[in-house]
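Student: Got a structure here, written out as structure tokens. Questions coming.
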Amino acid sequence: MTDVRVPAEHQQPYSTAYEQMLEKVRYEGAYPTRERAEEAVRLVLAGLGRQLTGDERVDLAACLPLEAARVLTLQIPALHPLTGWGFVKDLAARTGGSLATTRWDTGSVFSVVAAHAGPDLITRILNHLPGGYALLFGRAELTQAA
């Protein structure tokens, strides 16, 4: 199979909304380039797409720019969702990155995702996922009394 690449002059530009999302992630994560920010966005949204199902997945995709929504929704959800820490470890293992860098990437992307989604949807998402994601979204991890 040959690798067919589209010349840069024929590639479709990203939407303005996605460009703005990348710039926000670049700023939040203090990434040196937009390419590095996009790498983090793709990694984290693909990972989240493997964890999130149901209405929360559909509603989140509807809040994101089309390019980001595609990364999220092209993933096949896992049979057994990971905890927040398991999510970070899985992403680090997939990329060969350090846990610290992967945790930073996750927090940087999730803070921008949360701004797109709004607090009500993020609360629904957190209620849908196993424990440990609240901190990744910049929220306190609340536990219910037994």
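The values are calculated or read from the model by the stated rules, or taken from the named source; none is laboratory data. From a predicted model like this one, the values you see are computed outputs, not experimental measurements. Please note: Cβ atoms are built from the backbone with ideal geometry, for glycine as well, and neighbour counts cover all protein chains shown. Surface accessibility is based on the protein's heavy atoms, side chains included, excluding ligands, DNA and RNA. Shrake-Rupley method; radii C 1.70, N 1.55, O 1.52, S 1.80 Å.
Student: Only one residue in Leu79, Leu129, Leu74 is open to solvent by 30 Å² or more (accessible area, probe 1.4 Å), over 30 Å from Pro13 (Cα atoms) and of a type in the set (A, V, I, L, M, F, W, C), so which one is that? It would help to see each step written out before you state the result.
Tutor: Values: Leu129 fails: open to solvent by 30 Å² or more (accessible area, probe 1.4 Å); Leu74 fails: over 30 Å from Pro13 (Cα atoms).
Testing whether each residue is open to solvent by 30 Å² or more (accessible area, probe 1.4 Å), over 30 Å from Pro13 (Cα atoms) and of a type in the set (A, V, I, L, M, F, W, C) leaves just Leu79.
Student: Within the range 49-66, track down each residue that is more than 16 Å from Leu79 (Cβ to Cβ), touching a residue at least 24 places away in the same chain (Cβ under 8 Å) and out of contact with any His (no Cβ under 9 Å at 6 or more places or on another chain).
Tutor: Asp59, Leu66, listed by residue number.
Student: Here are the criteria: (1) in contact with an Asp or Glu (Cβ under 7 Å, 6 or more places away or on another chain); (2) open to solvent by less than 20 Å² (accessible area, probe 1.4 Å); (3) of a type in the set (A, V, I, L, M, F, W, C); (4) over 18 Å from Val25 (Cβ atoms). Tell me which single one Leu52 does not satisfy.
Tutor: (1)
Student: Is it true that His116 is more than 23 Å from Tyr18 (Cβ to Cβ), in contact (Cβ under 8 Å) with a residue 60 or more places away in the chain and surrounded by fewer than 20 Cβ atoms within 10 Å (Cβ to Cβ)? Walk me through how you get there before you give the answer.
Tutor: Details: more than 23 Å from Tyr18 (Cβ to Cβ): no; in contact (Cβ under 8 Å) with a residue 60 or more places away in the chain: yes; surrounded by fewer than 20 Cβ atoms within 10 Å (Cβ to Cβ): yes.
Against the criterion (more than 23 Å from Tyr18 (Cβ to Cβ), in contact (Cβ under 8 Å) with a residue 60 or more places away in the chain and surrounded by fewer than 20 Cβ atoms within 10 Å (Cβ to Cβ)), His116 does not qualify.
Student: While we're on this one: Restricting the search to the range 12-66, which residues are part of a loop (DSSP other than H, G, I, E, B) and either in contact with a Cys (Cβ under 9 Å, 6 or more places away or on another chain) or among the aliphatic types (A, V, I, L, M) (or both)?
Tutor: Kept after step one, since they are part of a loop (DSSP other than H, G, I, E, B), are these residues of the range 12-66: 12-15, 30-33, 50-53, 64-65.
Listed by number, the residues that qualify are Ala30, Leu52, Leu64.
Student: Suppose we filter the range 102-136 for residues that are in contact with a Cys (Cβ under 9 Å, 6 or more places away or on another chain) and either within 14 Å of Gly47 (Cα to Cα) or outside any loop (DSSP other than H, G, I, E, B) (or both); how many remain?
Tutor: So in the range 102-136, the residues in contact with a Cys (Cβ under 9 Å, 6 or more places away or on another chain) come out as 113, 116-118, 121.
This time we only want the ones that are either within 14 Å of Gly47 (Cα to Cα) or outside any loop (DSSP other than H, G, I, E, B) (or both), so: 113, 116-117, 121.
Residues in the range 102-136 being in contact with a Cys (Cβ under 9 Å, 6 or more places away or on another chain) and either within 14 Å of Gly47 (Cα to Cα) or outside any loop (DSSP other than H, G, I, E, B) (or both): 4 in total.
Student: Checking Leu79 against (1) modelled with pLDDT under 95; (2) in a helix (DSSP H, G or I), only one condition comes out false. Which one?
Tutor: In the conditions (1) modelled with pLDDT under 95; (2) in a helix (DSSP H, G or I), Leu79 misses (2) alone.
Student: All but one of (1) basic (Lys, Arg); (2) more than 26 Å from Ala62 (Cα to Cα); (3) in a loop (DSSP other than H, G, I, E, B) hold for Arg139, so report the exception by its number.
Tutor: Against the list (1) basic (Lys, Arg); (2) more than 26 Å from Ala62 (Cα to Cα); (3) in a loop (DSSP other than H, G, I, E, B), Arg139 comes up short only on (2).
Student: Output yes when any residue across the range 102-109 is surrounded by fewer than 18 Cβ atoms within 10 Å (Cβ to Cβ) and of a type in the set (S, T, N, Q), and no when none is.
Tutor: no
Student: Also, quick follow-up: Residues Thr73, Thr106, Thr102, Thr123: which one is more than 22 Å from Gln20 (Cβ to Cβ) and either among the aromatic types (Phe, Trp, Tyr) or within 15 Å of the chain's Cα centre (by Cα) (or both)?
Tutor: Values: Thr73 fails: more than 22 Å from Gln20 (Cβ to Cβ); Thr106 fails: more than 22 Å from Gln20 (Cβ to Cβ); Thr123 fails: either among the aromatic types (Phe, Trp, Tyr) or within 15 Å of the chain's Cα centre (by Cα) (or both).
Residue meeting the stated conditions: Thr102.
Student: Only one residue in Arg139, Arg94, Arg42 is touching a residue at least 24 places away in the same chain (Cβ under 8 Å), farther than 20 Å from Ser15 by Cα, open to solvent by 50 Å² or more (accessible area, probe 1.4 Å) and in contact with a helix residue (DSSP H, G or I) (Cβ under 8 Å, 6 or more places away or on another chain). Which one? Even if it seems obvious, please write down each step before you answer.
Tutor: On the way: Arg139 fails: touching a residue at least 24 places away in the same chain (Cβ under 8 Å); Arg42 fails: farther than 20 Å from Ser15 by Cα.
Unique residue meeting the criteria: Arg94.
Student: Sticking with this one: Listed residues Gly131, Gly49, Gly84; which is under 24 Å from Thr16 (Cα atoms) and touching a Ser or Thr at 6+ places or on another chain (Cβ under 9 Å)? First the steps, then the outcome.
Tutor: On the way: Gly131 fails: under 24 Å from Thr16 (Cα atoms); Gly84 fails: under 24 Å from Thr16 (Cα atoms).
So the residue among Gly131, Gly49, Gly84 that is under 24 Å from Thr16 (Cα atoms) and touching a Ser or Thr at 6+ places or on another chain (Cβ under 9 Å) is Gly49.
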